[in-house]
1. Sorted by packing (mean other beta-carbon atoms within 10 Å per residue), highest first, where do 98-105, 203-210 land?
2. Starting from the Kirkwood Rh over alpha-carbon pairs, what translational D in µm² s⁻¹ does the range 34-107 have by Stokes-Einstein at 4 °C and 1.567 mPa s?
3. Taking a spot 7 Å from the Cα of THR108 along the direction of its beta carbon, which residues of the range 361-405 have an amide N less than 16 Å from it?
4. If R0 is 25 Å, what FRET efficiency do you get for ALA241 and ASN177 from their C-beta distance, rounded to 0.05?
5. Shape verdict for the range 56-201, please, from the Cα gyration tensor: rounded (a/c under 1.5), prolate (a/b greater than b/c) or oblate.
6. Taking the Cα centre of the chain as origin, work out the dipole magnitude from +1 charges on Lys and Arg Cβ and -1 charges on Asp and Glu Cβ, in debye rounded to 20.
7. Grab the Cα-Cα distance for ILE24 and PHE232, subtract it from 0.36 nm times how many residues apart they are, and report the gain in nm with one decimal.
8. Give me the number: length gained by fully extending LEU384 to TYR271, i.e. 0.36 nm times residue separation minus the C-alpha to C-alpha distance, one decimal in nm.
Amino acid sequence: MRILLYLTILGLFSLDWLSFKLGIVPRYVTWFPELAALVILPYVIFTAVRKRAFHSHAKYLCCIFAFLLAIFLGFVANGVGSGVMFSGMRIYLRYIPFFLLPAVWDVTEKELKRLLLFIFGLMILQLPVVLYQRFVKYSASISGDPMGGTLGANTSGTLSVLILLVLAVYISMYLKNRISFVIFLLGFAMVLLPVTMNETKITFVLLPVCFLIPSMIGRVDAGKIGKIILLFVLLTSSMFAVKTVYDHFQTKRWGYGITDFFQNRKHVEKYADARLAPIVNTLKRIGGDPVFFLFGVGAGNASSSFTGEGMSGKYLQEMTKGWKVASGIVVLAWEIGFVGLFLGGVILLFLFFDARKLSREDSLFGALGLGMTSVTLMFAVASLYCNLVQAKVVNVLFWLVAGLVVQRLNRGAGLPEGDMLPA
């Protein structure tokens, strides 16, 4: 099972790229994470029954059950066809097994360190790939959209969000004395650099958050104050570097940089309209339709599918109405309604407070908990800006690490300390 987990993570970082960008593997191979989830779920159930131990918490299990019920009611209330129903279940249920897996896996610090190093190594790999994309393969492009690293086609926004989420954990590792300043600085630079080359505005919002939240949470002593000062200097220099590179490429494309953009009312209004119009459209759609308000139009019924019309939602065009972007919050409102959104928000709230509680540990898990306080908040904020619903790599890693946080707080009796996943 450990091998399957690592292969799944590797696949999330490479299969879409190999299929959509390089054409090396067929499209159906990119379904490997979904197939892995189908293997992991029965493994979790059978292992929990066999060992009579399940290190999770009833509040999460109740939320998951309520979420599944809400999706089922959405299908029934909207008369969703079998093809779209299958697509919707694939989109919304594929992350649950990864969240539940740690409940039967009592992870040691050694295993956690190995997993985090593996993920961080894949993040560092994005730098040479993005450099190649920016200055060789797409050197003639004036847009940053193709600079998605190994994540696939049109994934620059997903890559930026993922990088910033990982950096939040990395900063927490430094604050909790898990890595030295020199190693931290080198790793930080290598992971952050791709963000400067794909021109995503969400960076200017999330980058300060991944610095500030870990710095504000927890006990403050003389040593931490010194680190916070260094982090503030690093944040300032990072924001300056991101702005400088961003302005360089944006000026080539549009004739102005980020400062001029925000100082020009017409630019801001046009951008805000593109982002807010789908939200306004959603609010208008809610009016007078209680089924839509509660359960949406059904999971998958406002999403596209590569298999064609049979599995693509019939409300996709009505949701977007010609706009190029629909944020995650809009997609969720259309497909799972207020009930689904509420349950998702409750789970994130639970995770935030559990991560904060775990951050008090003086261990690698404590550092992970500190990082997840930022990550949970950033995940919610990013969903207001971009569509993370189908960002598989972001969701699998987020829910897997969330499961590790919950497992650590609820390990109690059952599995002996250090029980490992079978290879």
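Where a number appears in this text, it was derived from the coordinates with a stated rule and is not lab data. Please read these numbers as outputs of a predicted model, since none were measured by experiment. All Cβ positions, glycine included, derive from the backbone under ideal geometry; neighbour counts span all protein chains shown.
1. On the way: 98-105: 25.0, 203-210: 19.4.
Packing proxy ranking, top to bottom: 98-105, 203-210.
2. Numbers: Rh = 13.5 Å.
The calculation lands on 96 µm²/s.
3. Within reach of a label on THR108, which here means backbone N under 16 Å from a point 7 Å along Cα→Cβ, the range 361-405 contributes 364-365.
4. Numbers: r = 26 Å, r/R0 = 1.05.
Calculated transfer efficiency: 0.45.
5. Numbers: a/c = 2.99, a/b = 1.32, b/c = 2.26.
Since a/c reaches 1.5 but b/c is at least a/b, the shape of the range 56-201 is classed as oblate.
6. On the way: 38 positive and 21 negative charges, 56 e Å.
Dipole magnitude for the chain comes out near 260 debye.
7. Details: separation 208, 0.36 × 208 = 74.88 nm, distance 4.37 nm.
Here the answer is 70.5 nm.
8. On the way: separation 113, 0.36 × 113 = 40.68 nm, distance 1.43 nm.
Result for the pair: 39.2 nm of gain on full extension.
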